[in-house]
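Right, one structure below, let's go through it.
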Amino acid sequence: MQDRFNVTPWEARGKIDYDKLIQEFGVERLTPELISRMGRLAGGLHPLLRRNFFFAHRDLNLVLDDYEAGRGFFLYTGRAPSNSPMHIAHIVPFIVTKWFQEKFKVNVYIEIPDEEKFLAKKVESLEEVEPYVKQDILNIIALGFDEDKTFIFRDTEYISKMYRPAVKIARLINFSIAKAVFGFDGETSIGLIFYPSLQIVPTLFEEKRPLIPCGIDQDPYFRLQRDIAPRLGKHKTAEILSKLVWGLTGPETKMSASEPETAVLLNDPPGIVKRKIMNAYTGGRASIEEQKRLGGVPEVCTVFHWYSVLFEDDDKNLEERFWACKTGKLLCGECKAELIRRINRFLEQHRENAKKAEEKMHLYLYDGKLAQEMWNWNFK
Ligand code: SF4
């Protein structure tokens, strides 16, 4: 019997069947033709795109048409701060967003909905989230966004600019539709029912077509945007959608900061990273003798998955690791030890970048070229 699964912007339960999600959400699969067209225009492809980790889209072909015709496009993504630090999976959409910015020289808008987790009752107070807001912003800047083409804004601060478009959006969305898309029920706070309007606002920031790189779990917001955008005389948003990075507890599970053993947090010290990876679910056999005789099963191994998503850029090396595992030449202890080294090296560098980002944070929020334009923005 097929495992039941449920994917919403707030949680993912069960073993996710991505083919089914494509059908249920009504998105399109990324075809090899579209991927190579993107690669041709960008002069290469990021491993996350090359390896089909981003696997579905809406209107990506139109974004590329706009680019080729000189009309351009813009990028929009976001991060809802919680009461714990970001983990490795949280940075995946930002890595790809930054890649798009670099290759296509376009503006990026990054929403920090510092009220979302509170309204969704995932945290008890707004104050609980506060210490993580700044750190999340620094973690995002640390990935290397262009300070003159990037605007990062938190909802509770930028609301005076967002409220006018938000009410225009909110009026166009009936409760019955929002309920069907998000599964709202009698326990849902009325704040969360209004909140999707705020998440849609940045899709209206420019007259160009917005492209949103995100996990497929975030698609429902933009399905609503696509319903109402033509009535506001705006572009329907395009999306490029990723699978979810596996948690360390098993294939097709989701990393969750509230279940620390599923994820590596960006502030985990080396010893904690080591413990988490050593305890990770693998495709290894019960004994070394068996592993050598039968080989491992990288297809279900979370360690191999992490290599393929973030910690091995070279396709040839990744393939070699796959076959070394399959043929029993590679043992899990050695394979995990190398992953631990790579994660710790990455985290050390990332934390250094985040520290340096503090000095220039004001450029992304207030003083950079795009930030200044946006503080003068008036929605018509
Ligand atoms: Fe996974 Fe590596 Fe063990 Fe193979 S050798 S099962 S890839 S941890």
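The values are calculated or read from the model by the stated rules, or taken from the named source; none is laboratory data. As the structure is a prediction and not an experimental result, all values here were calculated from the model. Don't worry about glycine lacking a Cβ; one is built from the backbone with ideal geometry, like all the others, and counts go over all protein chains shown.
Collect the residues in segment 282-308 that are within 30 Å of the chain's Cα centre (by Cα) and either closer than 14 Å to GLY328 by Cβ or within 7 Å of the ligand (Cβ to nearest atom) (or both), keeping them in residue-number order.
Selection gives THR282, GLY283, GLY284, GLY296, VAL297, PRO298, CYS301, VAL303, PHE304.
How many residues does segment 309-326 contain that are touching a helix residue (DSSP H, G or I) at 6+ places or on another chain (Cβ under 8 Å) and more than 10 Å from the ligand (Cβ to nearest atom)?
Summing the residues that are touching a helix residue (DSSP H, G or I) at 6+ places or on another chain (Cβ under 8 Å) and more than 10 Å from the ligand (Cβ to nearest atom) in segment 309-326 gives 7.
Could you list, in sequence order, the residues of segment 350-371 that are in contact with a strand residue (DSSP E or B) (Cβ under 6 Å, 6 or more places away or on another chain) and among the aromatic types (Phe, Trp, Tyr)?
TYR364
Restricting to segment 187-223, give me the number of residues that are over 25 Å from ALA56 (Cβ atoms) and in a loop (DSSP other than H, G, I, E, B).
The qualifying residues number 4.
Within the bounds of segment 238-247, is there any residue that is of a type outside the set (Asp, Glu) and surrounded by fewer than 19 Cβ atoms within 10 Å (Cβ to Cβ)?
Checked segment 238-247: no residue is of a type outside the set (Asp, Glu) and surrounded by fewer than 19 Cβ atoms within 10 Å (Cβ to Cβ).
Of everything in segment 248-262, what is surrounded by 17 or more Cβ atoms within 10 Å (Cβ to Cβ) and on the phi < 0 side of the Ramachandran plot? Give them in sequence order.
LEU248, THR249, PRO251, THR253, LYS254, MET255, SER256, ALA257, THR262 - these are the residues of segment 248-262 that are surrounded by 17 or more Cβ atoms within 10 Å (Cβ to Cβ) and on the phi < 0 side of the Ramachandran plot.
For ASP185, which of the numbered conditions (1) of a type outside the set (A, V, I, L, M); (2) modelled with pLDDT of 95 or more; (3) surrounded by fewer than 14 Cβ atoms within 10 Å (Cβ to Cβ) fails to hold?
Result: ASP185 passes all but (2).
Search segment 284-308 for residues being among the hydroxyl-bearing types (Ser, Thr, Tyr) and touching a residue at least 24 places away in the same chain (Cβ under 8 Å), and hand back the single one that is surrounded by the fewest Cβ atoms within 10 Å (Cβ to Cβ).
My answer is SER308.
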